[in-house]
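Take this structure first; my questions come after.
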Amino acid sequence: MKLIYRIARIELNTLFYSPIAWIVLIIFTLQTGNKFTDLMDLHRGMLDRGRSIDNLTSWFFSWPFGDHSLLQFVKSNLYLYIPLLTMGLISRELSSGSIKLLLSSPVNFFQMVLGKYSSMVVYSFILCSILGVFTLAGGYSIRSFDYMLVLSGITGLFLLICSYSAIGLFISSLTSYQMVAAIGTFAVIGLLNFIDNLWQEVPVINEIAYWLSMSGRTDQMISGLISSKGVLYFFIVILSFITLTILKLSLAKQSTSLGIKICSYVAVLMVAITLGYITSRPSVTIYFDASATKKQTITQDSQKIVAQLNDYPLKITSYVNIFSPLIESSGTPKHHNQNFRQLENYIRFLPQLEMDYVYFYDTIPGDPGEIYKDNPELSEKELAQKVATSFGIDFKDILSPSEIKKVVDLSKEDNHYIRQIEYNGKKTFLRMFFDLNHYPLQEEISSALKRLTVDPPNVAFVSGHGERTLAKNDLDYRSATIAGATERRSLINKGFDFTTVTLETDQLAHDVTILVIADPKQMYTQEEIRKVKQYIDSGGNMLIMAEPDNRANLDSIVSHLGIKFIPGQLRQENEDFSPDFILGKVPKDALMLSKSFSFKNHIEKRYSVSVPTAMALKNYDNSQFQVTPLVVTDKKTSNELKDTESDQFYKLTSFESSEQAAMPIILALNRRVGKKEQRIIVAGDADFMNNREWARRNVSSMNRRQFIPNLFRWLSNDEFPVNAEYPPGEDNQITISAIGSLWFHIFFQGIMPGLILVFGAVLLILRKRK
Amino acid sequence: MLEDIVKINELSHKYSKDWAVKDISFEIKTHGILGLLGSNGAGKSTTMNILCGVLNQTKGEVTIGGIDIQKKPVEAKKKIGFLPQKAPLHLDLTVDEYLTHCAHLRRMKPLEVKPALEKVKDRCGIAHYSKRLLRNLSGGYQQRVGIAQAIIHDPMLVVFDEPTNGLDPVQIVEVRKLIKEIGRDRTVILSTHILSEVQAICDEIKMIEKGKLVFSGTLQEFNNYLEPDTLVVTMGACPPIDELEAIPGVIQVNSIDKNTLRIKYEKDINETIVEKSIEKRWRLKEIYVEKNSLDDIFAKLSQENL
C-alpha cells in the first residue's frame, strides 16, 4: 500500500511539475466559474422579475437537458481535459525508458498501475473539490439548497473522471507516443459514449453495446438517482481498464503469441461484460434517490399501484404499425433498449417487467401519411414490404391486417402504434403520442397500471336528446375524452373509459361511475328524468353541463340538486373577444377538487377557466349538499338577458353589485350517501371542455392543463388520473444581493483561477530554476 | 556452501520467431566486475533485462542469491540494482527526490533512506547537486545519478548496461572509476561492446554472440585471444617479401604499399626485425604491433564456438 502511495505521489509530482495540470485546473475553474455566475445572473434576474422557480438547486446544478446546468456543462467538457492528463502516465515512461526502473524494482504490476492510477484519482478529487466550492457558493446563495442532489451529481462526475482516467491509463500503456495516447483516449471515450447507437437492431449485441455505453450513466446521478448498476458500471469499467493495463504490461514482458494476447484481452472484456450484465439485472439493482423532492422516483401513489402488481409477470407488448409516423423515432428494433430505459423508474419497482414487440401493417384511418402519397402505385402489402426493408425488419415478422386482427383489435385506436400491458389475465392499452415526447409519462403509465388493479371509472355520456357527444366537432368533447394517441391529456389516457347511454332504453347500470349530461337540446321525458333522479338519489356521481339557450331542458334535474340556473347570459368586457366569451375566475375554494400542486399554483397565479356563452348558477337549497363554487364571475362580468326579437342584450338588475362580482358558473356538490361520498358538478356552461376550448391557445386558461383533469379526478373519487406530481422544492429563492452576485463574478472569474495561476506559475518557475 | 550470487541455467528467449538468446548458462560466485561482451544485437541487453526482471525469459532459470526471479520476482529484485542503457530518470525531479523515490521503490526501510541517500550521493560525487533538477544536469552527472539509483539500496548485484554510452572521454573515465569502485564490495555485471572498457575495469568476462555464450573466463584468459600476431613495418628500402618470410617465426608477409608491409608471425619477432633492418640497411622508419579489433575476436570466438 505504501508503495502504491509512493508511486502515486511521484506521479502527482510529475503531473504538477508540468504546466498541463495547472492549465487544466485554471481552464476548468474559469469555465465552471463563468457558467456558475451566468446561471446566478439568469436566475436572479428571473426571480427579480417576479418569476417563481422551484428546485433552484436542480436548475443550477443538474437540469438534464443540454449544457444548461453546471454539472451537465462540466460533464460535456470533461473528455477534453482527461486525455491530456493521462496521455503521459505510462507512455512517457515507455519513451524515456524509465519504465525499466519500475520493472527492475521489487514492485509488482498491480502496485505500479494502481499507483499511477491513484494519482489520477487524486487529480479527479481536486477537480471535484473545485466543484465543491461552487456547491458551497450555491448553498450560500440559494435558500434550502439541496446538497444531497449536488453531491450525487459530483459523485457521478468523479466516477466518470475516474473511468476516463482508467481508459487513458490503458491507452497510455499501448504507445510510447503521448500524442497518440491522447488521441486514442479521445477515440475510446467517444466510442463508449456513442456505442449505444451501434448495433441496436442486433439482439444480444444491442444489450452488450447498451451496457458498454457511458452516455446517460452520469446523467442519472446528476439528476439525483444513484443506482447500484450505475455505480458498479463505473467500477467495472475502471477495474477492467486497470486489469487491461496490467495485462498489457505483463504481456509485453514476455514473448507471447498474438493469439494468447488477444484471448487474454477478450477474456477480461468478457468477464467485465458478464459482471456488468449480472449487476444490471433489475432484480439485483438497488436505488437511492438523493434529491430532496424525490423526483427521480415514481410518486407514492404510483408506488402503491406497482406494489399491487408484483405477484405475476407483467408484460408490455408494443403493437407497432410500420406505417405509423412514430416508428422512426421509437418503434424500430434499434429502439428496443431505449424503450426499456424509458421505463426504468418502473422497472425499479417491477423487476419482472418484460417487453415484447409485435410488428404489423394496416391502414391508419384519416389523412393518409406521406408514405401513401409518395407511393401511389404500390398496394398496401408492397408498401409494407418497402417500409419493412427500409427499417431493416424482416417482412416475415410483420403481421398482415387480417393476422393482427386475430391477435388484438386496434380499430378503436386507429391502428396506431400502441402498447398493451398484461397482468394476471387483465389487459389495458398504454398509448404512444403524437407530441414531442412520444412516450407515455408517469401519469399515463401509472393510470394504465392502476386500471389493472381496480375497475376503471366508466364515464357515461347521455345521448338521445341532442346532447354534446364525443365527436370531433368544435362543440363536442373528443379531445378531452377519447382522443387517444393524438392528445396526451385526453382523459382516456388517464385511466377513464367512456361510453354513451340513452335514458330512454338503458337502465343506468351500476358500472357507471360518472354520468355526464351535456347541453341537451330537447326535453327529457318524465321517465328519463326519473331515472336520472334515481341515479342521483342512489349516490351516483355526475357532471351536468348546461347552456343558457337550453337551460330549461335541465331545470328539473338541477333543481333536484337544489341548484337553479339564473336567467340571462353572462357578458364580460373584453378588448380581444366578444362579450359572450367569459374567462371565469377560479376561487381558492376550488382547491377542494384536488391536492395537486400545479392546480394550486395555477389558482394562485389566477389562471382562468374559459366558459363561452355561460350562465350563472344559484344554490337555493343547500340542505342536501355541501356546495362549493369552482368557477365564478369577476367584476367585469355582468348578467344580461337577450331580447330574442332585437337580438340585443340588456343588463339584468336583479343582483346586487357585490353578487355580480362573484356569481358561480360551475359548482361542486358533495354529500354522503351511505358509505360513499357523492360528487356532482353542475356547470352553467357546456363549452369549457369542448374541442374548441381544448385547443385554445390564445388565452391563459387552465381548462386543459388543470381544471378538467382535476375535475374528473374529484368525480372519480380521487382514483384517476393517478397523482404523478412532486411537491415543489423549497429551494426557490436566491438570498444574495446584486453586490453578492458581483463578488461571485470577481471571485470565480478572477480571484480563484488567478490564485491557481499564481501558485502554479511560482511553483513551476522555482522548479525550473533548480 | 555459499549460494551463487547469480545463476543462469539454459536461458533462452525469443521475441518472435528467432531466438535472441539461446541456452546461456553461467554462474557468478564472487564479488567483482563481470564484463558481458558482445557486438550490437548479440543478446547482451536481452540477457541483462531478463537478469533484472525487466523481461521474462522464454525458457531457462535465473536465480539471484538463490531466488528465482520469475517465481519470486519481488524478493529477487530487492537484491538487484539496474542501470539500463538509457538511465531511467524522471527529469522533472531533483536528485534528492528521484533517489528517495528509487529507495522507496527498492523497499528500503524509511529510516534507512536518508543515510543511504547521503552515502550514495557522496560515493557518486553528486552531493553538491542534491537540489538540482535532473534535466539541468550534464550527461555525465545524469549517468552518475543513474548509477546512484542502482546502488542506493546496497544490492548484492548491480547490472550496468553500456554505462558509458554517449559520454565524453572525461566522463567515461570518471564513470569507469566509479564502477570499479562499486565492484570492490559487490558483484557488478557490465555490458559493453568497447574492448578497452572491458580491459580497464573487468575481472571476468563473458562474451555473447548471436545469442550464445561464446567465451567465459578471466581477463587474463581473454587477453590471450587478444594476443597480437601481426606487425606493420614501414621501411625506406623494403626487402623482397621472400627474404622476410624466410625469417624464422614469420608466417606471412603482405605488402600494404610501396614501403609498408604487414608481417604475420607466430612468435615475438620484433627484435629480430629491428636487428635485421640495421644489419641489412632496410632503413626501418616505423614498426608497431597491430591489435585485433573486437569484431575480429567476436568473429573468431563465434567461429570456434558456434
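Bear in mind these aren't lab numbers, they're just calculated from the coordinates by the rules spelled out. Treat the numbers as computed from the prediction; the structure is a model and nothing was measured. Here the Cβ positions follow ideal geometry from the backbone for every residue, glycine too, while neighbour counts run over all protein chains shown.
Of the residues B:Arg144, B:Arg184, B:Arg176, which exhibits the maximal mean-square fluctuation in a Gaussian network model of chain B defined by a 10 Å Cα contact cut-off?
B:Arg184
Follow-up. Given labels modelled 7 Å from the Cα in the Cβ direction, how far is it in nm from A:Lys770 to B:Val170?
In this crude spin-label approximation the distance works out to 2.6 nm.
Then there's this: Compute the Cα gyration tensor for segment A:245-293, then decide on rounded, prolate or oblate, letting a ≥ b ≥ c be the square roots of its eigenvalues: rounded whenever a/c is under 1.5, prolate when a/b is larger than b/c in the other cases, and oblate in all that remain.
On the way: a/c = 6.93, a/b = 2.78, b/c = 2.50.
Prolate, since a/c reaches 1.5 and a/b exceeds b/c.
Please list, ordered by chain and number, the residues whose modelled amide H lies under 5 Å from the amide H of A:Asp731; skip anything fewer than 5 residues away on the same chain.
Placed amide hydrogens put A:Asn55, A:Leu56 under 5 Å from A:Asp731.
Sequence neighbours fewer than 8 away in the same chain don't count; with that in mind, list the lysines whose C-alpha is under 16 Å from B:Lys121.
B:Lys131, B:Lys177
Moving on. What dipole magnitude, in Debye to the nearest 20, does segment A:383-539 give about its Cα centre under +1 on Lys/Arg Cβ and -1 on Asp/Glu Cβ? Before the final figure, lay out the partial values.
Values: 21 positive and 23 negative charges, 65 e Å.
In debye, rounded to 20, segment A:383-539 gives about 320.
Which of the pairs B:Lys44/B:Lys206; A:Lys585/A:Lys676; A:Lys564/A:Lys588; B:Lys77/B:Lys206 have their Cα atoms more than 19 Å apart in this structure? It would help to have the intermediate numbers written out before the result.
Details: B:Lys44/B:Lys206 10 Å; A:Lys585/A:Lys676 30 Å; A:Lys564/A:Lys588 23 Å; B:Lys77/B:Lys206 22 Å.
Correct reply: A:Lys585/A:Lys676; A:Lys564/A:Lys588; B:Lys77/B:Lys206.
In a Gaussian network model over chain B where Cα atoms closer than 10 Å are linked, find which of B:Asp229, B:Asp68, B:Asp185 has the largest mean-square fluctuation.
Evaluated over chain B, the most mobile residue of the options is B:Asp229.
Can I ask one more? Give me the dipole magnitude in Debye, nearest 20, for the protein assembly as shown about the Cα centre, with unit charges on the beta carbon: positive for Lys and Arg, negative for Asp and Glu.
Numbers: 120 positive and 118 negative charges, 688 e Å.
For this selection, approximately 3300 debye.
How high is the relative contact order of segment A:443-527, given as a whole-number percent (alpha carbon pairs under 8 Å, six or more residues apart)? List each step's numbers first, then the result.
Values: 130 pairs, mean separation 35.5, N = 85.
In percent, rounded to a whole number, it is 42.
Follow-up. Report the paramagnetic label zone for A:Tyr620: residues of segment A:529-555 whose backbone N is under 14 Å from a point 7 Å from Cα along the Cα-to-Cβ axis.
A:552, A:555
Over segment B:6-100, what is the mean sequence separation of C-alpha contacts under 8 Å (at least six apart), divided by residue count, expressed as relative contact order in percent? Intermediate results must be reported in sequence, preceding the final value.
On the way: 118 pairs, mean separation 25.3, N = 95.
Relative contact order comes out at 27 percent.
Where both partners of a DSSP beta bridge lie in the protein assembly as shown, what percent of those bridges are antiparallel, to the nearest 5?
On the way: 79 of 127 bridges.
Just about 60 percent of them are antiparallel.
While we're looking at this one, here's another question. Using only atoms on other chains, find how many Cβ atoms lie within 10 Å of each Cβ of peptide B:132-139 and report the average.
Counting Cβ atoms of other protein chains within 10 Å of each residue's Cβ and averaging gives 2.
For B:Glu118, A:Glu547, A:Glu382, A:Glu377, what's the fewest-to-most ordering of other Cβ within 10 Å of each Cβ? Before the final figure, lay out the partial values.
Numbers: B:Glu118 14, A:Glu547 25, A:Glu382 11, A:Glu377 6.
Arranged by neighbour count, lowest to highest, B:Glu118, A:Glu547, A:Glu382, A:Glu377 become A:Glu377, A:Glu382, B:Glu118, A:Glu547.
Right, something else. With unit charges on the beta carbon (Lys/Arg positive, Asp/Glu negative), name the residue among A:Leu326, A:Asn437, A:Ser228 whose Cα is farthest towards the positive pole of the charge dipole of chain A.
Selected residue: A:Ser228.
Charges on Cβ only, +1 for Lys and Arg, -1 for Asp and Glu, centred on the Cα centroid of the protein assembly as shown; of A:Val462, A:Asn77, B:Ile287, which one is farthest towards the dipole's positive end?
B:Ile287
While we're looking at this one, here's another question. Apply the Karplus curve 6.51 cos²θ - 1.76 cosθ + 1.60, θ = phi - 60°, to the phi angles in segment A:396-402 and return the couplings in whole Hz, x for Gly and Pro.
Once θ is set to phi - 60°, the couplings for segment A:396-402 become 5, 8, 9, 7, 7, x, 5 Hz.
Just going by the charge dipole of segment B:164-238, with Lys and Arg at +1 and Asp and Glu at -1 on Cβ, which of B:Ile205, B:Phe222, B:Gly236 is farthest out on the positive end?
B:Ile205
Using just the helices of the protein assembly as shown, give the 222 nm mean residue ellipticity in deg cm²/dmol: DSSP H runs with n ≥ 4 each add -39,500 (n - 2.57), and the total is spread over all residues, rounded to 500.
Calculated at 222 nm, the ellipticity per residue is -13000 deg cm²/dmol.
Can you give me the angle between helix B:270-280 and the longest principal axis of chain B, using Cα atoms only, in degrees from 0 to 90, rounded to the nearest 10?
Once rounded, one gets 30 degrees.
A further question on this structure: Please state the shape class of the protein assembly as shown: rounded when a/c is under 1.5, otherwise prolate if a/b exceeds b/c and oblate if not, all from the C-alpha gyration tensor.
Numbers: a/c = 4.05, a/b = 2.95, b/c = 1.37.
Judged from the Cα gyration tensor, the protein assembly as shown comes out prolate (a/c at least 1.5, a/b above b/c).
Fewest to most neighbouring Cβ within 10 Å: what's the order for B:Cys102, A:Cys263? All intermediate terms of the calculation are to be shown ahead of the outcome.
Numbers: B:Cys102 28, A:Cys263 13.
Least crowded to most crowded, the residues run A:Cys263, B:Cys102.
Please order A:Asp146, B:Asp168, A:Asp414 by the number of other Cβ within 10 Å, starting at the fewest.
On the way: A:Asp146 26, B:Asp168 12, A:Asp414 17.
The fewest-first ordering by Cβ neighbours comes to B:Asp168, A:Asp414, A:Asp146.
Let me ask you something else. Roughly what % antiparallel, to the nearest 5, for the DSSP beta bridges in segment A:468-618? Walk me through the numbers before you get to the answer.
Numbers: 4 of 9 bridges.
About 45 percent, rounded to the nearest 5.
Using modelled amide H (1.01 Å from N, peptide plane; none on Pro or chain starts), what sits under 5 Å from the amide H of A:Asp356, excluding residues fewer than 5 places away?
A:Ile316, A:Thr317, A:Ser318
Among the lysines, which fall within straight-line cross-link reach of A:Lys373, defined as a Cα-Cα distance under 27 Å, with same-chain neighbours fewer than 8 residues apart omitted?
Candidates past the 8-residue exclusion: A:Lys334, A:Lys381, A:Lys386, A:Lys396, A:Lys405, A:Lys412, A:Lys472.
Starting from the Cα gyration tensor of segment A:174-234, take the square roots of the eigenvalues, sort them a ≥ b ≥ c, and report rounded, prolate or oblate (rounded when a/c is under 1.5, otherwise prolate if a/b is larger than b/c, else oblate).
Working: a/c = 2.62, a/b = 1.38, b/c = 1.90.
In terms of gyration-tensor shape, oblate.
Tell me the label-point distance for the pair A:Lys676, A:Thr486, using the 7 Å Cα-to-Cβ offset, in nm and rounded to one decimal.
In this crude spin-label approximation the distance works out to 3.4 nm.
If you don't mind, there's one more thing I want to ask. Do you know the relative contact order of chain B, to the nearest whole percent, from alpha carbon pairs under 8 angstrom that are 6+ apart? Let's see the in-between values first.
On the way: 568 pairs, mean separation 60.2, N = 306.
Computed over chain B, the figure is 20 percent.
Let me ask another. Using amide H atoms built 1.01 Å from N in the peptide plane, name the residues 5+ places from A:Ala292, or on other chains, whose amide H lies under 5 Å from its own.
A:Leu149
List every DSSP H helix in chain A whose Cα atoms extend 20 Å or more along the helix's own long axis and whose mean Kyte-Doolittle hydropathy is at least 1.0. Spell out each step's value before the answer.
Details: long enough: A:2-16 (21 Å, 0.51); A:19-48 (43 Å, 0.60); A:70-86 (24 Å, 1.04); A:109-141 (48 Å, 1.29); A:147-174 (41 Å, 1.86); A:178-194 (24 Å, 1.73); A:228-253 (37 Å, 1.62); A:258-279 (31 Å, 1.84); A:752-769 (26 Å, 1.53).
Flagged H segments are A:70-86, A:109-141, A:147-174, A:178-194, A:228-253, A:258-279, A:752-769.
Given charges of +1 on the Cβ of Lys and Arg and -1 on the Cβ of Asp and Glu, with all other atoms neutral, how large is the dipole of segment A:138-274 about its Cα centre, in debye to the nearest 20? Provide the component values of the computation, followed by the final result.
Numbers: 6 positive and 5 negative charges, 87 e Å.
Charge dipole, segment A:138-274, about its Cα centre: 420 debye, nearest 20.
Further, regarding this structure: Mind jotting down the distance between the C-alpha centroids of segment A:112-145 and segment A:184-218, whole Å?
The distance from the Cα centre of segment A:184-218 to that of segment A:112-145 comes to 27 Å.
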